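Worksheet: the structure to be examined is printed underneath.
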Amino acid sequence: MLVWRRDYETAIRQATHRLVGAGLQVVRTFDLKSACADSSGVCPHHGTAPCNCQMAILLVYGAAAQPATLMVHGCDGQTSFSLVDVPQQPTDPEIESAILRAISFDHLLVGNEP
């Protein structure tokens, strides 16, 4: 998982731009506000209500037949990116490597100073 010190919309826009610049195609499949809230509207990450988390799924296409699934979760000015890599939906190593090269910029990562 990578975490950027960027708000959700800016992070998605920048990540998409970098992925496309790396020769990949990106499709934003859905966008969910209050993504983590339970039925009472409380966020399990922060214990706050209403939940202010947002989540999107980006399908990232490269040369492989299947896209890579990139989950994007944003909250409180930080945005995390996680690749879905499970037996039912394995990530092609070439696409994974291209994604990581495109979005792993040290100056954007939490814990690193610009």
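The values are calculated or read from the model by the stated rules, or taken from the named source; none is laboratory data. Being a predicted model, the structure only gives us computed values, none of them experimental. Cβ atoms come from the backbone with ideal geometry, glycine included; neighbour counts cover every protein chain shown.
Observations on the model:
- Residue among Asp7, Asp31 that alone is of a type outside the set (Phe, Trp, Tyr), closer than 17 Å to Leu83 by Cα and out of contact with any helix residue (DSSP H, G or I) (no Cβ under 8 Å at 6 or more places or on another chain): Asp31
- Test set (1) at pLDDT below 85; (2) under 20 Å from Thr10 (Cα atoms) - Gln54 fails condition number: (1)
Residues are listed down the side, and each one gets a yes or a no for (1) free of Cβ contacts under 8 Å to residues at least 40 places away in the same chain; (2) crowded, with 20+ Cβ neighbours inside 10 Å:
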{"position": "Ala63", "(1), (2)": "yes, no"}
{"position": "Ala68", "(1), (2)": "yes, yes"}
{"position": "Val72", "(1), (2)": "no, yes"}
{"position": "Asp76", "(1), (2)": "yes, no"}
{"position": "Ser80", "(1), (2)": "no, no"}
{"position": "Leu83", "(1), (2)": "yes, no"}
{"position": "Val86", "(1), (2)": "yes, no"}
{"position": "Pro90", "(1), (2)": "yes, no"}
{"position": "Ile95", "(1), (2)": "no, yes"}
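- Positions within segment 30-39 being exposed (fewer than 12 other Cβ atoms within 10 Å of the Cβ) and modelled with pLDDT under 75, in sequence order: Asp38, Ser39
- Residues of segment 67-90 that are modelled with pLDDT under 90 and part of a loop (DSSP other than H, G, I, E, B): Asp76, Gly77, Asp85, Pro87, Gln88, Pro90.
- Subset of segment 3-17 [surrounded by fewer than 18 Cβ atoms within 10 Å (Cβ to Cβ) and either of a type in the set (A, V, I, L, M) or not in a loop (DSSP other than H, G, I, E, B) (or both)]: Val3, Glu9, Thr10, Arg13, Gln14, His17
- Screening Val42 with (1) of a type outside the set (Gly, Ala, Ser); (2) in contact with a Pro (Cβ under 9 Å, 6 or more places away or on another chain); (3) at pLDDT 85 or above; (4) surrounded by 14 or more Cβ atoms within 10 Å (Cβ to Cβ) gives one miss only, at (3).
- Condition broken by Asp31, with the remaining ones in (1) in a strand (DSSP E or B); (2) in contact with a Cys (Cβ under 9 Å, 6 or more places away or on another chain) satisfied: (2)
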